[in-house]
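Below you'll find the structure, written out as structure tokens, and then a few comments.
The values are calculated or read from the model by the stated rules, or taken from the named source; none is laboratory data. Not measured: the values here are computed from a predicted model. Ideal geometry is used to build each Cβ from the backbone, glycine not excepted, and the neighbour counts take in all protein chains shown. These area figures cover heavy atoms from the full protein model, side chains too; ligands, DNA and RNA do not enter into them. Shrake-Rupley method; radii C 1.70, N 1.55, O 1.52, S 1.80 Å.
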Amino acid sequence: MFYMAQIEQVTLDEILTRADIVDVVGQYVTLKRTGAHYKGLCPFHGEKTPSFIVSPDKQIYKCFGCGAGGNVFSFLMNYQQQHFAEVVRDLARQYGIQIRETEVDSQEEQLRVVLRKINQEANLFFQACL
């Protein structure tokens, strides 16, 4: 039987705790503090007026121009065009976090892939209905 490795949730939580979104996004976007948030030009679409907000309290970002949003993982995935595992490994290395992995049965992983595809198709269907 073939097993794959899956990054443990405790590792992801530790990365999210240590990788401050303002610091990470600030490496790629010039941010200016405006009250409790930081504001800048969105790196995902061209704009002249800043609509890209980073919330240090919630550790998320949101662009009110193009709708992009998420956490430090999704920002780097979109900005660097990398897969989730690559982003996790880069951040773990940058912050000195040891990655803990669990072995996952390949049948379980195949089931997850099928369920993700079903979910994506359902999403497309309901978007078309709207």
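Scanning the range 85-126 for residues that are open to solvent by less than 60 Å² (accessible area, probe 1.4 Å) and either over 21 Å from the mean Cα position of the chain (by Cα) or aromatic (Phe, Trp, Tyr) (or both) returns Tyr95, Val104, Asp105, Ser106, Ala122. Would you check if Gln110 is at pLDDT 85 or above and out of contact with any Phe, Trp or Tyr (no Cβ under 9 Å at 6 or more places or on another chain)? In short, no. One residue stands out among those in the range 64-84 that are out of contact with any strand residue (DSSP E or B) (no Cβ under 7 Å at 6 or more places or on another chain) and either free of Cβ contacts under 8 Å to residues at least 12 places away in the same chain or farther than 30 Å from Glu47 by Cβ (or both): the one that is least open to solvent (accessible area, probe 1.4 Å), which is Ser74.
Considering only residues that are of a type in the set (Val, Ile, Thr) and outside any strand (DSSP E or B), which ones fall in the range 29-88?
Val29, Thr30, Thr49, Val72, Val87, Val88
Restricting the search to the range 89-124, which residues are free of Cβ contacts under 8 Å to residues at least 24 places away in the same chain, assigned to a helix (DSSP H, G or I) and within 19 Å of Asp23 (Cα to Cα)? Passing the criteria: Arg89, Asp90, Arg93.
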